[in-house]
Each structure stands twice: as structure tokens, then as C-alpha cells.
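To start, the structure itself, in C-alpha cells.
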Amino acid sequence: MSRLIASRRLASNICVSKLSARTFCNDASAKLNNVPNSSQFNKELEDEQGFTNDVPQYDIAIVGGGMVGIALASSLASMPLTKQLSIAIIDSNPALTNGASIKKDDPPDPRVSTVTPATISLFKGIGAWQYVEQHRHAYFDRMQVWDYTGFGYTRYNARDAGKDVLGCVVENKVLQKSLLSCLQASISVSAGLFFFSTLEMKTEQNKDFKKTIYSTRLSSMSLPTRSSVSAAGDLQSKSLANLAKLELSDGTNLYAKLVVGADGSKSHVRELAGIKTTGWNYSQSAVICTVEHPAENFCAWQRFLPAGPIALLPIGDNFSNIVWTMSPKEAANHKIMNEDDFVKAVNNALDFGYGPHPGSRPFSGDILPSFFRPDVTSSANEGFELPPKVTKLASHRMAFPLSLMHANQYVSRRVALIGDAAHTVHPLAGQGVNMGYGDVASLSNVIADGVAVGSDIGEVTLLKKYEADRKTANIAMMAVLDGFQKAYSVDFGPLNILRAAAFNGANVFAPLKKNIISYASGELRLPFLS
């Protein structure tokens, strides 16, 4: 019976709303003859989903259906205390509703993310990692970092910190699709062989978890004030006046207890909420692309050059991803140069270009004082290696400017910011998306805590707990990355020697290396944050 009711509501949604649906098969068309009329349907929605006077109300409206926004929806769906919440996702990206699949022989996309063990744990917890593993991805357990001066290098190995892997490189489209697959895992509607712009989805964990994807954009947002609540007349009006009101570009209005801005570095939610930012542009751009080499790569490589670092990151199947930081002018040139010249430039940058290979280690082996030897990691005695030779391009090239940005507040009444809407960083350590997923984990827990004690999930006193947890941690990570960017943007003799000493020190001393690995993995905070 419950399946029949769900089918009728969903089929009625197609008839009543201003949405276009695809052609149905004969069986599905026959079932549409039994749908309830619009007045009956609207009453059901009022009772079941919080629609009042045809204006939908949700517990949470997530603006931005990218990798971080969908992760928040998936996280809330997986938690016992929050899986009953109704959630709207607002994003005009057609990929959210068109059901496009990723084929195994699809060419690799140049947009990738290096996800940490902490992020992998989050994905496993919400049930999305099983879908990632069905597509192209690459775990890596080793990393080598060196300087163009040839003075020093550091090798990291997962076993130095008692881990199996240091991270996993995954195409962004795979992360996005895996999170969507997680959400759609238990869609069960007998009239359903179709997709449409507004999609009600039920999760495996709880069939009462309701979700609507609005394939449109946010136009304006009205947040409650004391005067607006006081001016409201009857009880229902006061109730609505106490919520955030969102007006969408297709003319739809909706209300929500909490609006989550997951809409990127140029966040419209942040702007409409009046939240200011602090930051600056780097005089650098990043060129990204996918390249091919003769054998599969299981190591992450990064070399610091005068204009910025170049990284070679494995993504599986003899492919690796290039992230090359350089001046905007150089980036424009490298983006359009012919393929052969670009491949030569990449190999030059990863080999003898700009300076020699690092020599023998000054503090390793027999030269290392005996009282340090018990704390030397196994990777400290590994020699310098050259990364694999790139043979050809496997994707188009993209270039984008680099900047640092941090929101002065993460929350206000009825609003919370996550991911790039709250912070953007230099890509030299691949931490940007992991910081966003850290936001997802923290905000999910705060919302769950609020639900547990019956709090209003949009009240700023509750949301401040999320801000307190993430703001300090994110600022610390941003400071580290910004410090690296500045330290490696200067070619100065004494500073070059200090950098080499830092490389060698990190390589040799086990406690330092273990802490670096654990911090970069997202499993350890800096001591002053603990």
C-alpha cells in the first residue's frame, strides 16, 4: 500500500507542477489514470512534507549541489537523528537529475581531488565509498617532495604512520556521481521510469527522508528579523516569518529552518546573508590536465619550482593528474601550446629543469647521530626517485587563478556556510575539498545534536558550535598552506638552505614525519587546537 501511495504522489507531482516529464511506457501511462486530483494531492503534501498554501517548507535548504552540498545531504540521510529531516537541494546543474552514467572507458577528467583518510572514512560512513570504488580511482601509499635547488627532498610512506594509504585521487565527477548514487540507492516508485526537474527521493536508511532537487538558481533570500516576526499577523504567518524565505529564478518560493550555502567561492548565499570575507589573490594560476605514462603510478610527486609547485598525482590505469602552479602569463601560454611541447615542458619540470636532482642525504645512514636512529622512519633511508616519464596528454588543459579567501563568519541566524563558500586555499597540498568535507562532518553532528535535544536547527546559538569547531581548524590549515606558498615563492640563498634543512628534518625525524602525515590525513589537529 505504501508503494502505491508513493507512486500516486509522485505521478501527481508530474501533473500538478510546472515540470516537463519524458514519455512514459504504456504500463506507466496506465498507472497515471488512477492518480489523485490536485486538491487531494496538495492536501497530502501539506500533511506529509510541510507544504502550506502551496509554498513548501523544509527543514534544510542546501544551495549548491556540488561535491560538498550533496555530501551534506548524504551525511544527514545516514544519521539516525537526522534522516527524518526534509531537505531541498537547489542547483541548476542538469547532472543532478539527468541520470548520466560514467563509463569505464570514458576519458579521464582533468578535475580531480586528493581525498584524505578522514574523507574516505566520511564517505564510507555515509555509504558512498562503495560507489567510488566502482570507478577509476587511485590509492597512493608514498609521496616524494623535493626542491628545484637540489638541496633536499622528503619521502613519505603510509607505514611511517602505521597507515595503509596516504590518500586516494578521484575524479570530481566520480565523487559527485557516487554521492548521488548513495542518495538514489533506494528510490522505489512503481510509476518511475523517468526523470524530471524536481525529484523526491527516499534513502535506503529511512523511507521518510524526503529530498527535492530544484533545478534552478537562488534569486533572493529573506532572513527573519524581530520586526518581521512581530509584524506578522496570525500564528501561521508568524511561523513563516520566523523562517528563511528563498525565491528561486523559476518563480518558486520556499521556506526553510536552515539555509546551507554550499555554492562555491562566489557564494550567493554568503552575499545575501551579508557575510564579509578576508583574503587575497595570489599572482599565480594553476594549469591542470591528465597525462599518460607507460606504467601505473602509485606515488604522489611534488616538486617546488621558482614560480610554484608542480604535482603528478596518480589516478589509475596509467594515468596521472598534473597540477602546475605558475604565473598567469605562463599558464595562458602552457594552456595553448601544442601537445608535444607541453609534454616536454612537464617532463623537464619534473626532472632536470630549473636545477639538479637532490644529492645524497646529509643526515641519513651512518652519518646520522646514533641517538636519533631509533626514531628514523623506514622511508628516511629511501633514495631519491624520478617520477614516471609522461608520454602524452590524456585530457584537455584547464587554467584558473589562485586565491585565498575566508568568510569572517560561518553562520548567522538560519544560515551556515560550508566548503568553498566559507574558505578557499592554494591547491599545493590538495586540502581544499577535504576542508569542505570536514565542514560536512562537523555541521552534520551539530544538527544531530540539536535534533536530539529539540533545538531549532537554524538558531545561531546552535550553529555557533559548528563555527567554533571548524573555523579555528580551517584557519590553521590556511595559515600553513599560505606559509608554504610564500616560503616557496622566493629564490634567496639563505632561505633555500633553510628550506632544504626543513625537507631533511621532516624526512629524518620520525615523530615530526608521523605528525605531518597525521595532520595532512585529517586525523590529527595541531597541538594548540587539540
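Tabulated data for the structure shown
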| quantity | calculated |
| --- | --- |
| Cα-only Debye scattering, region 234-315: base-10 log of I(q)/I(0) at q = 0.17, 0.22, 0.24 Å⁻¹ | -0.89, -1.14, -1.23 |
| Using a Förster distance of 56 Å, the FRET efficiency for A95-A502 (Cβ separation, nearest 0.05) | 0.85 |
| Per DSSP, loop trypsin sites (Lys or Arg not before Pro) in region 230-329 with at most 16 further Cβ within 10 Å | K266, K276 |
| Loop-located trypsin sites (Lys or Arg not before Pro) in region 74-104 whose Cβ has at most 15 other Cβ within 10 Å (DSSP) | K103, K104 |
| Residues with amide H under 5 Å from that of S403, placed H, sequence gap 5 or more | Y282 |
| S222 paired with S249, simple spin-label distance in nm, labels 7 Å along Cα-to-beta-carbon | 2.2 |
| Region 246-332 - percent of accessible surface contributed by carbon and sulfur, probe 1.4 Å | 49 |
| Calculated FRET value between F298 and S239, using beta carbons and R₀ = 60 Å, to 0.05 | 0.60 |
| Extension reserve of the A487-F352 stretch, reckoned as 0.36 nm per residue once the Cα distance is removed | 46.4 nm |
| Highest-first arrangement of 450-458, 474-482, 416-424, where packing means the average Cβ count within 10 Å | 416-424, 474-482, 450-458 |
| Cβ crowding within 10 Å averaged over residues, with 143-155, 168-180 ranked highest first | 168-180, 143-155 |
| T472 paired with E133, simple spin-label distance in nm, labels 7 Å along Cα-to-beta-carbon | 3.6 |
| Accessible area expressed per residue, region 281-341, with surrounding protein chains retained (probe 1.4 Å, Å²) | 36 |
| Rough spin-label spacing in nm, given labels placed 7 Å along Cα→Cβ, for K266 and M337 | 2.9 |
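The values are calculated or read from the model by the stated rules, or taken from the named source; none is laboratory data. Just so it is clear, the model here is predicted, and its values are computed rather than measured. Virtual Cβ from ideal backbone geometry, glycine too; neighbours counted across all protein chains shown. Surface areas here come from the heavy atoms of the whole protein model, side chains and all, with no ligands, DNA or RNA. Shrake-Rupley method; radii C 1.70, N 1.55, O 1.52, S 1.80 Å.
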